Amino acid sequence: MVIIEVVLETHDAVDFTAWPINERSNDRFLALSGRMSLADVGTAMAVIFSYNDLPITNAADLTEAHLQRHLAERGGLIASGGLRLRETTTDVDVLPGCCFGLENWRDWWDVPRGREPWLGHDPTPHITHVGHVIQLRQHFEDSPSIEVTRDELSSLLTTAQQHFSGFLDLARQWATITTPGVADRLIAALDQHFAIT
């Protein structure tokens, strides 16, 4: 069975102390969904704040004007991550490639349309179209593959969007507590720049 997850790399949360986060396991990716704990949401927000140089000390005092100015200067929000596909019976993973950020996750929609978008490098996801079957590999042509039909991949991508929307709902709860002065603007920015809904 093939599963899909919207994931965020957690390296920017190492030694983070500005608000409660969840201590990570050996997995460097955090799956985003509506089933996360608030500590996991705190971890995700720590990564997003750190990666985008948003102020973390006195985050509760962050103003909407400051957030708006920061977003305008940076051109938006970005984060390391993307989609992780996993074949559970063979334990084959296709991970997000480097330099393909969470903000680009919708590029995957080109795959069931018969295209082969750039999905990052090191590790490089490879796509091969064989009729209506899509073979997804990490690294090289001789590495193990995940095979799905175009319709199956479209369904998986719809599931990914639902998971991401669930995360956004939890992020709204987190922001209301942690950054109350900018909660609405922060959630709108997450939705806009990560193309969630």
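Were the residues from Ala72 through Arg115 laid out at 0.36 nm apart, the gain over their Cα-Cα distance would be 12.3 nm. May I ask for the distance between the Cα centers of the range 148-179 and the range 42-97, given as a whole number of Å? Cα centres, the range 148-179 to the range 42-97: 14 Å.
Ranked by accessible surface with a 1.4 Å probe, highest first, in what order do Met36, Met1, Met45 come? Can you show the working numbers first?
Details: Met36 20, Met1 140, Met45 0 Å².
The most accessible residue leads, giving Met1, Met36, Met45.
Relative to the longest principal axis of the Cα atoms of the chain, helix 64-74 runs at roughly 40 degrees.
Calculate the FRET efficiency for Asp53 and Asp15 from the Cβ-Cβ distance with a Förster distance of 22 Å, rounded to the nearest 0.05. Mind showing how you got there, number by number?
Working: r = 16 Å, r/R0 = 0.75.
So, using R0 = 22 Å, E works out to roughly 0.85.
Distance between the modelled labels on Cys99 and Ser143, one decimal in nanometres: 1.7 nm (7 Å Cα→Cβ projection).
Please label the shape of the chain as rounded, prolate or oblate, based on the square roots a ≥ b ≥ c of the eigenvalues of the alpha-carbon gyration tensor (a/c under 1.5 means rounded; beyond that, a/b larger than b/c means prolate, else oblate).
Values: a/c = 2.16, a/b = 1.93, b/c = 1.12.
Prolate.
Evaluated at q = 0.10, 0.21, 0.22 Å⁻¹, the base-10 log of the normalised Debye intensity for the range 12-125, with identical point scatterers placed on the Cα atoms, takes the values -0.38, -1.28, -1.33.
For the range 81-197, the convex hull spanned by the alpha carbon atoms encloses 110 Å³ per residue.
When a/c is below 1.5 the answer is rounded, else prolate if a/b is larger than b/c, else oblate, so apply that to the range 79-123 with a ≥ b ≥ c taken from the square roots of the Cα gyration tensor eigenvalues.
Taking the square roots of the gyration eigenvalues as a ≥ b ≥ c, the range 79-123 is oblate.
The values are calculated or read from the model by the stated rules, or taken from the named source; none is laboratory data. Remember, predicted model here, so these are calculated numbers, not experimental data. All Cβ positions, glycine included, derive from the backbone under ideal geometry; neighbour counts span all protein chains shown. Ligands, DNA and RNA are stripped out before the accessible areas are found, and what is left, the full protein with its side chains, is counted by its heavy atoms. Shrake-Rupley method; radii C 1.70, N 1.55, O 1.52, S 1.80 Å.
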